[in-house]
Structure formats: C-alpha cells, structure tokens
Amino acid sequence: MADPLVLGIETSCDETGVALVRGYDLLVDAVASSVDEHARFGGIIPEIASRAHLEAMVPTIERALATADVSLGAVDAVAVTAGPGLVGPLTVGAAAAKALALALDKPLYGVNHVIGHAVVDELVDGAFPERVMALVVSGGHSSLLMIDDTVNVTELGSTLDDAAGEAFDKVGRLLGLPYPGGPHIDRLAREGNPTAIRFPRGLTAAKDQAAHAADFSFSGLKTAVARWVEARQDAGEEVPLPDVAASFAEAVADVLTAKTIAACRAHGVGTLVVGGGFSANSQLRDMAAKRCAEAGITLRIPPIRYCTDNGAMIAALGSAVVRRGLPPSSLDLPVDSSMPLTQVLV
C-alpha cells in the first residue's frame, strides 16, 4: 500500500492516544490523559492508568473517527504500541488493537513506542533522509539512536540510571514543586541564572568516554542538587529556586546535546531528530538549536504537542512499516515492557 490509512493506538503509560495517518499526513490525533489522577501520588500508578485506558479507549476511538470523518471500514491497518511501557496499560491497548484488526480483517502492527517518538517528525517535516540521529528523551528513556531508512535502528547509547525526565521529576519533588516536575522546573529556570551553580555533568570525564561516550547518567546530578539544597537549608539560608532550576536544567541540556553532537560527528550524520516528552524542555531546544547550527547539523524537533505520548507517533511508525512491506504482527502478539530499541516491529 503506497498511502495506507493507519489507525494508531498508544497506551504505554498514562495517555490514551488514537490517531489516523495516511502516508505522511495526519488526519486526527485524539488524546485522553489520566495524569491528573496520578498527581496526588507524585507518580504514575499502573493500575489507575490501566483502568483509565479501559474507560477512555472506545470514546477516544469514536472521537478520532468522527473528527476525521472516517469510518472504521476505511482503515487499511492498525498499529499499536507493543513496548516499551507499563505492562497493564500496554495490554489494554494491544487488546483493543487486536479486536479491531480481527473485526475489520486488517493487518496488525505492534510497534516500538520509543522509535515512534522520533518517527512522528515525518508528519511535520516530511520523510527522513536515508540516515538520521535520534535523541529520544522522556520520563523513562534517554536514548541515542541511529536510524537508517526510518525502520532500521542502531542503539548507540542510553541512560545508565535515571532518564532526563525522571531526574526532572525527582528534582521537582525535592524543590517542592507539583508533579510532574518537568514543566515547573522549566518555567522556574527561565527566571534563574544557568551559571549560578556548577552542577556535575555525568559520564563526561575522559575516563568515561571510552566505554560510555554515548551513554547518559543523571543520578549523580540529582544527588548533587539534593546535597546543595540541603547544605543551604542546614545553614539557614534561602534556597534560590530559580537559580537551582536553571543550573540543573543547564547541566542536563549540556550533557544531552554535547554527547549527541559528538555522536553525529563520529558517524557522519547530518540530521538530528529530538523527540520524547522531555524534548519540550526549552533549555534543551535552545541549546540543541545553537549547537546544531554551529556544527552544520540539520535539527528537527516536532512541535510540543507531539512530544508527549500520542497516537500520531504510533500511526506514523505504523505507516512507515506498512509502506516498506514489513510483515504484520500476529494476533497473539505479546507486549514487552522492556522491548529492545533495535526492534521496530513485533
């Protein structure tokens, strides 16, 4: 199928996303979020997320079809997140996708959530060149991927402990900010001085480069922020929240962009795609734009609406695998909470 109409379903965490994509054109992207139900717990509760997906699935599919003025019978293929993610939420989405594929007698494609965060940019800036570098950063992942022909992935590096978004949530909690911490730290950081405090840059020392040139670590940075804040409090001094937020955000963006630009140069890649929930961070966007311009690298970052989990990214990746003639998944496809990032399709 040259221009298949793909229905994409995303349920890896706390957003129920349903989208319709034809080729590189997004017809509709409908999302129902349960984030408010988790806020009082300071993090995602898988059972709550699973129940929210069950309640939202049919209404979100119906809303997407009505908005696009498309009937279910017009769908050529169904794509669904098979992993990585939370097992309960993934299972709800996979069950819905299997039921639709069986009822419609259409092929089913279980695809990789993380790779979808990068491929969604094809709906914004058009088809990828033959090779791109992808930095996917979110609450659960900080991954550096080299992608050939959109669907062939080589994992160059990943987080060894806390992902970037996870570190932001933990530091946000430390600073007394509401959950999720990322957006609140981002806003505070705009009021602060990013050079006020020199926080450490994990895995950037010469001794770490040989084994971890493309890997990330933010656990030590998180601890350094906690100790700095505790020292001020123990001394009876006021904690300058904007400066702490700005300096912390600067350290994270510095590490992410420096390692990514170095990887682009090492592999001769001229296009960088940044995706995932944390790619909404303003410091990361600004620093990536500046450093890519200096290095002569084309930067592609989707609009913020595509950064968080959504059905568009799954439909976009599903469209890519259908166009390339990859075999569909079986109706008994499993979900995999730790699905390898080199595996595009189950």
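I'd like to know if the stretch 68-85 contains one or more residues that are part of a helix (DSSP H, G or I) and buried (at least 16 other Cβ atoms within 10 Å of the Cβ). Scanning the stretch 68-85, I find at least one residue that is part of a helix (DSSP H, G or I) and buried (at least 16 other Cβ atoms within 10 Å of the Cβ), so the answer is yes. Evaluating Lys290 against the criteria (1) out of contact with any Ser or Thr (no Cβ under 9 Å at 6 or more places or on another chain); (2) without any contact (Cβ under 8 Å) to a residue 24 or more places away in the chain leaves one unmet condition, (1).
Annotation note: Cβ proximity below 8 Å between a residue of the stretch 300-311 that is within 16 Å of Ala134 (Cα to Cα) and a residue that is buried (at least 23 other Cβ atoms within 10 Å of the Cβ) and among the polar types (S, T, N, Q) (sequence gap 6+ or interchain) occurs for Ile301/Ser279; Pro302/Ser279; Cys307/Ser279.
Tallying residues that are open to solvent by 60 Å² or more (accessible area, probe 1.4 Å) and either under 23 Å from the mean Cα position of the chain (by Cα) or at pLDDT below 95 (or both) within the stretch 191-221 yields 6. Residues considered: Ala231, Ala263, Ala289, Ala245. Of these, the only one that is surrounded by 23 or more Cβ atoms within 10 Å (Cβ to Cβ), of a type outside the set (S, T, N, Q) and assigned to a helix (DSSP H, G or I) is Ala245. Per the conditions (1) closer than 27 Å to Glu250 by Cα; (2) part of a helix (DSSP H, G or I); (3) of a type outside the set (S, T, N, Q), the sole criterion not satisfied by Leu123 is (1). Residues of the stretch 229-257 that are more than 19 Å from the chain's Cα centre (by Cα) and either among the aliphatic types (A, V, I, L, M) or not assigned by the TED database to the domain that holds Met133 (or both): Val229, Ala231, Ala235, Val239, Leu241, Val244, Ala245, Ala246, Ala251. Only residues that are touching a helix residue (DSSP H, G or I) at 6+ places or on another chain (Cβ under 8 Å), part of a helix (DSSP H, G or I) and open to solvent by 10 Å² or more (accessible area, probe 1.4 Å) were counted in the stretch 298-338, giving 2.
Taking the criterion of being in contact with a strand residue (DSSP E or B) (Cβ under 7 Å, 6 or more places away or on another chain) and within 23 Å of Ala167 (Cα to Cα), the residues of the stretch 285-300 that qualify are Ala288, Ala289.
The values are calculated or read from the model by the stated rules, or taken from the named source; none is laboratory data. Just so it is clear, the model here is predicted, and its values are computed rather than measured. Every residue, glycine as well, gets a Cβ built from its backbone with ideal geometry; the counts of neighbours run over all protein chains shown. We work out accessible area using only protein heavy atoms, side chains counted, and drop any ligands, DNA or RNA first. Shrake-Rupley method; radii C 1.70, N 1.55, O 1.52, S 1.80 Å.
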